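One structure is given here, and the rest of the page talks about it.
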Amino acid sequence: MAASLVELSDAASVDRAARALFGSPLDTRPAVSHSTAVWRAAEDEPVTSIRINEYSPKSDLDFLALHMARARADGIIITGKILREEPTLTYDLRADPRWGDALMEWRERGWGLCDPPWLLILTSGRDLDFGHPIFHGWVRPVIFTTDRAATRKLAAAPCPVISDAAPDIRRAIQHLQVARECECVSIETGASTARTLYESPMVVRELLASVYLEPELDERAQGAPLVKLSEARRMFRSETSATHREKGQHWSFHRLRR
């Protein structure tokens, strides 16, 4: 089942895969969507974000879910920490030949998005490597940082640098929506940054969660806690999900909407 879901040929096959993956089609573009992979240690505990490294579980379905979220977005937010931890990270939808052309068709014909998305990097400016692939790839990077970092550390950046007196993820979202006219912003930051978006006033309109269901996860792959699933369900008005077995491991994929 997993293999058939990731072999996509056109926009219609993307729609079918989304329905099978999440239990419902991705037929809207919410103003703010949060995509994350998490591990559920226990029902009454917050889910734990999964760090992407050699110790984390590998799932083609989770990777496809993430690319679907990117294909709908005209703005994506990450952090400088993610670039440091993932030196080969790329956002090119065509990087994986199993679904690349289909996702690009889905993006352009289904949503009318012909320009690459903005990739906003929320950072203090520390140790940013301008040789990183994201600065030379398909997306349009923009750095969002403090006034001091903008003038002292990032003068040689190969992309726009936006200085802000008090940069945080909410102000980053506002920048993309107002200055870059982004109608759908996808959040890909770590849990410690994204968690604040679930506080009042809550701005997340959709949560796409890939939940690793196995009883154990290597400590070196465990990130920060996010929220309890029971609490998340109370925050959203609807939920669809589906469970899949992949390479002997069980995952569930949830779409929660407000």
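A short reminder: the numbers here are calculations on the coordinates, not readings from a lab. Computed from a predicted model, the values in this text were never measured in an experiment. Cβ coordinates were reconstructed from backbone atoms using ideal geometry, including for glycine residues, and neighbour counts include every protein chain displayed.
Based on DSSP, what percent of beta bridges with both residues in region 123-258 are antiparallel, to the nearest 5?
Percentage antiparallel, nearest 5: 80.
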Handout entry: Kirkwood Rh (inverse of mean 1/r, distinct Cα pairs), region 104-184, angstrom
Key = 13.6 Å
Problem - Inter-label distance for Thr151 and Ser124, nm, one decimal - labels placed 7 Å from Cα along Cα-to-Cβ - result: 2.0 nm
Problem - the chain: mean projected area of Cα convex hull, nm² - result: 13.0 nm²
Fill in the blank from the handout: Calculated from DSSP helices alone, with each H run of at least 4 adding -39500 (n - 2.57) and the total divided by the residues of the chain, [θ]222 nm to the nearest 500 comes to -7000 deg cm²/dmol
Practice task
Of the DSSP beta bridges with both residues in the chain, give the percent that are antiparallel, rounding to the nearest 5.
Solution key: 45 percent
Handout entry: Proximal charge balance of Ile78 [Cβ under 10 Å; K/R count +1, D/E count -1]
Key = -1
Exercise for the section: For helix 11-22, report the angle its Cα long axis makes with the longest principal axis of the Cα atoms of the chain; keep it between 0 and 90° and round to the nearest 10°. Expected result: 70 degrees
Fill in the blank from the handout: Quick calc, Ala31 & Glu86: beta-carbon distance into FRET formula, R0 30 Å, rounding 0.05, result 0.70
Problem - Relative contact order for region 129-202, counting Cα pairs under 8 Å that sit 6 or more residues apart, in percent - result: 23 percent
Practice task
Specify the angular offset, from 0 to 90 degrees and rounded to the nearest 10, of the alpha carbon long axis of helix 60-72 from the longest principal axis of the alpha carbons in the chain.
Solution key: 50 degrees
Practice task
Determine ³J(HN,Hα), in whole Hz, for all residues of region 220-232 in sequence, where each value follows from phi through the Karplus function 6.51 cos²θ - 1.76 cosθ + 1.60 and θ = phi - 60°; x replaces Gly and Pro.
Solution key: 6, 9, 8, x, 7, x, 10, 9, 6, 4, 4, 5, 4
Exercise for the section: Could you grab the relative contact order for the chain? Cα pairs under 8 Å, six or more apart, rounded to a whole percent. Expected result: 30 percent
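Among the trypsin sites (Lys or Arg not before Pro) within region 48-113, which fall in a DSSP loop and have no more than 13 other Cβ atoms within 10 Å of their own Cβ?
Lys58
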Completion exercise
Most exposed first, judged by fewest Cβ atoms within 10 angstrom, Asp129, Asp74 run Asp129, Asp74
Practice task
Please determine, in degrees from 0 to 90 and to the nearest 10, the orientation of helix 169-178 with respect to the longest principal axis defined by the Cα atoms of the chain, where the helix direction is its Cα long axis.
Solution key: 80 degrees
